[in-house]
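Written out below as structure tokens is the structure these notes cover.
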Amino acid sequence: MRLAFLSDTGLMARKQLAGLQGHHAYSSFCYADVVNVPSRVDWRERGAVTPVRAQGHNLCCWAFAAVAAVESLIKLRTYSLIELSSQQLIDCNIQIYGSELGWPHKAFKYIMENGLTTASEYPYRGSRGKCYYSGSNYIVAKIKNFEFVPRNNEWALLKAVAHQP
């Protein structure tokens, strides 16, 4: 006998994942023709990874993942490791449509359009709340673009990670 249990959270995630099928079509991958690729890349060795943060019971791994990627890119480019605000994404990203569930690509779109402030300026509270971002917040990070890495392709992922930013 097999017991399957899905909480309300699990049901929401399942429903959202079902809607993602076929969502991303990769028309191109900018690193497809790259041939000079190291056998391994570890951004920790370059000090480009911020400390692990506890998200608690909030369904915001998408925000933490997007913020961590941008933090690492900033470190690789500027040699400064800055902790950015995941809470700003959770509170202010209207592309999430009121759900705590989200996707990193929607977070990247938000960062492109609005930028991010620091975690100390807009600290993590553990739940979604009112957006306190205004144009006057101290924006320390913004991205110009992002790219999807082809699914289930570790070689493509290695190419992308090795050639960032």
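Observations on the model:
- Scanning the range 57-75 for residues that are part of a loop (DSSP other than H, G, I, E, B) and either surrounded by 15 or more Cβ atoms within 10 Å (Cβ to Cβ) or at pLDDT 90 or above (or both) turns up Asn58, Leu59, Cys60.
- Of all the listed residues (Ala54, Ala4, Ala25), the sole one being modelled with pLDDT under 50, surrounded by fewer than 10 Cβ atoms within 10 Å (Cβ to Cβ) and in a loop (DSSP other than H, G, I, E, B) is Ala4.
- Checking every residue in the range 104-113 against the condition of being modelled with pLDDT of 90 or more and in a loop (DSSP other than H, G, I, E, B) gives zero matches.
- Residue ID - surrounded by the most Cβ atoms within 10 Å (Cβ to Cβ), chosen from residues in the range 129-146 that are in a loop (DSSP other than H, G, I, E, B) and touching a Ser or Thr at 6+ places or on another chain (Cβ under 9 Å): Tyr133
- Test: residue in the range 76-97 that is touching a Pro at 6+ places or on another chain (Cβ under 9 Å) and closer than 23 Å to Pro38 by Cβ: yes
- Total residues in the range 36-51, condition in contact (Cβ under 8 Å) with a residue 12 or more places away in the chain and in a helix (DSSP H, G or I): 2
The values are calculated or read from the model by the stated rules, or taken from the named source; none is laboratory data. Since this is a predicted model, take the numbers as computed values, not measurements. Glycine also receives a Cβ, built like all others from the backbone with ideal geometry; neighbour counts cover every protein chain displayed.
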